[in-house]
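Below: the structure, in structure tokens.
The values are calculated or read from the model by the stated rules, or taken from the named source; none is laboratory data. On a predicted model such as this, the values are computed, not experimentally measured, just so you know. All Cβ positions, glycine included, derive from the backbone under ideal geometry; neighbour counts span all protein chains shown. Heavy atoms of the whole protein, side chains included, go into the accessibility calculation; ligands, DNA and RNA do not. Shrake-Rupley method; radii C 1.70, N 1.55, O 1.52, S 1.80 Å.
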Amino acid sequence: MTERTQDPRELLRLPVGGRTDLAGYDTRSTPGVLGGKSATVAATARAGKRLAGLQERLWAAGTAGDRRRVLLVLQGMDTSGKGGTVKHVIGWLNPSGCRIRAFGAPTEEERQHDFLWRVRRSLPRPGEIGIFDRSHYEDVLIARVRRLAPAAEIDSRYWRINDFERSLTDDGVTLVKCFLHISPDEQRRRLLRRLDRPDKHWKFSPGDIDDRARWPAYQKAYEIALERCSAPAAPWYLIPADRKWYRDWAVAHLLLAHLEALDPRYPEADFDLAESRARLLGRR
């Protein structure tokens with residue numbers, strides 16, 4: 001039986017205020033699990049069932065005025081598994097209580113506003129679990145690597161992100177920020193598989209090859225974002241992502257640990273139980 005050996009929030013959290021050297025993290029490591037692939041997949045399924053129960057309690061509490069909600073932020077290079085995580089982890093949850101948003105290039109309307117405008121419009125409501133496939137961090141990652149904005153503007157975005165995330169946590173949002181750490185060799189294998197499968201061609205773009213040439217610049221951009229935008233209430237978690245089955249286990253158990261800490265409760269009935277039962281039984 002493969003279960004987590006310690007709190008994944010401690011195991012996978014990057015140091016707050018410390019330097020991040022991504023080269024020092026093994027993308028194929030499996031911290032926190034005791035067995036191999038099959039046992040870990042089974043453990044993820046068990047975690048998924050527990051996640052579903054906690055999500056229902058969170059959603060129910062939200063209907064009674066509990067403002068708490070969860071926001072899962074997934075960031076990583078192309079093919080790191082953001083979409084796969086949504087499918088294999090979030091797939092355990094009731095879609096009625098989820099708000100999933102995949103952030104691509106900003107639309108013309110979105111360009112007319114502050115870079116956080118479209119993010120605020122996509123936030124989870126009380127009782128919901130929000131999932132961002134990419135996020136506001138694109139504006140300090142792609143924008144930095146491709147020089148889509150002046151350097152001074154990009155530098156200002158880090159503290160604006162910190163202020164934004166602080167306001168979220170103050171308002172009852174539990175942030176779970178996951179960086180899916182993949183190696184360039186594993187990315188090449190996954191891109192080649194997309195070319196080999198006609199049903200995956202839609203997921204491939206020649207621009208993915210261009211971005212591979214910028215790999216060192218992207219790694220540096222991630223290191224800066226992970227260092228500058230990490231706080232005790234909104235830390236980053238580094239997920240080794242070369243092994244998809246471990247990635248799913250890690251994200252599932254991170255979400256589970258946060259929901260268990262929230263410990264949402266079903267609201268008490270605000271009606272007369274005995275009277276309702278009597279009416280249904282035709283006694284009144």
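How high is the FRET efficiency from Asp272 to Asp171, r the C-beta distance, R0 25 Å, rounded to 0.05?
0.15
Grab the Cα-Cα distance for Asp196 and Arg147, subtract it from 0.36 nm times how many residues apart they are, and report the gain in nm with one decimal.
14.4 nm
Taking all protein chains as present, what is the carbon and sulfur share of the accessible area of the range 181-284, in % to the nearest whole number, probe 1.4 Å? Spell out each step's value before the answer.
Details: 3030 of 5830 Å².
Solvent-exposed carbon and sulfur of the range 181-284 make up 52 percent of the total.
Ignoring everything but the protein chains, give the 1.4 Å probe accessible area of Phe103 in square angstrom, nearest 10.
Rounded to the nearest 10, that gives 10 Å².
With the full set of protein chains in place, find how many percent of the accessible area of the range 97-166 is carbon and sulfur; take the probe as 1.4 Å. Numbers along the way, then the final one.
Values: 1690 of 3500 Å².
Of all accessible area on the range 97-166, carbon and sulfur atoms account for 48 percent.
Name the residues of the range 28-62 whose amide N is less than 17 Å from a point 7 angstrom out from the Cα of Arg265 along the C-beta direction?
Only 54-62 pass the distance filter.
For the chain, what does the accessible surface come to per residue with a 1.4 Å probe? Please give it in Å².
50
Between Tyr237 and residues 5 or more places away or on another chain, which pairs have amide H atoms under 5 Å apart, with H built 1.01 Å from N, and which residues are they?
Leu14, Lys177, Cys178, Phe179
Relative contact order for the chain: what is it in percent, counting Cα pairs under 8 Å that are at least 6 residues apart?
It comes to 33 percent, rounded to a whole number.
5 Å is the cut-off here: which amide hydrogens, built 1.01 Å from N in the peptide plane, fall below it relative to Ile131, excluding neighbours closer than 5 in sequence?
Those qualifying (amide H under 5 Å, at least 5 residues apart or on another chain) are Leu72, Arg99, Ile100, Arg101.
How big is the gap, in Å, between the Cα center of the range 17-46 and the Cα center of the range 203-273?
Centre-to-centre distance over Cα atoms comes out at 13 Å.
Please list 3J(HN,Hα) in residue order for the range 129-145, calculated via the Karplus relation 6.51 cos²θ - 1.76 cosθ + 1.60 where θ = phi - 60°; whole Hz, with x for glycine and proline.
With the stated coefficients, the range 129-145 comes to 10, x, 10, 9, 8, 6, 6, 4, 6, 4, 7, 10, 10, 4, 4, 6, 5 Hz.
Note the per residue figure in Å³ for the convex hull of the C-alpha positions in the range 142-248.
138
Whole-Hz Karplus ³J(HN,Hα) for the range 170-180, in order, using 6.51 cos²θ - 1.76 cosθ + 1.60 and θ = phi - 60°, x for Gly and Pro?
In residue order, the calculated couplings are 5, 9, x, 8, 8, 8, 10, 9, 10, 9, 8 Hz.
In debye, nearest 20, what is the charge dipole magnitude of the range 131-263 about its Cα centre with +1 on Lys and Arg Cβ and -1 on Asp and Glu Cβ, if you could check?
For the range 131-263, the charge dipole is close to 760 debye.
Restrict the search to the range 1-94; then list the GluC sites (Glu not before Pro) that DSSP places in a loop and that have at most 16 other Cβ atoms within 10 Å of their Cβ.
Sites meeting the loop and neighbour criteria: Glu3.
To the nearest 0.05, what FRET efficiency results for Trp215 and Ser29 with a Förster distance of 35 Å applied to their C-beta separation?
Rounded to the nearest 0.05, the efficiency is 0.95.
Rounded to whole Å and sorted largest first, list the principal axis extents of the Cα atoms in the range 1-96.
That works out to 46, 35, 28 Å along the principal axes.
How long is the gain from Leu11 to Lys203 if the chain were fully straight, where each residue apart is worth 0.36 nm and the alpha carbon distance is subtracted? List each step's numbers first, then the result.
Working: separation 192, 0.36 × 192 = 69.12 nm, distance 3.23 nm.
Full extension from Leu11 to Lys203 adds 65.9 nm.
Kindly list the residues of the range 151-193 that lie in the label zone of Leu22, defined by a backbone N under 18 Å from the point 7 Å along the Cα-to-C-beta vector.
Answer for the range 151-193: 155, 158, 177-191.
Roughly how many debye, to the nearest 20, is the charge dipole of the chain about its Cα centre, given +1 on each Lys and Arg Cβ, -1 on each Asp and Glu Cβ, and no other charges?
With only Lys, Arg, Asp and Glu charged at Cβ, the dipole is about 780 debye.
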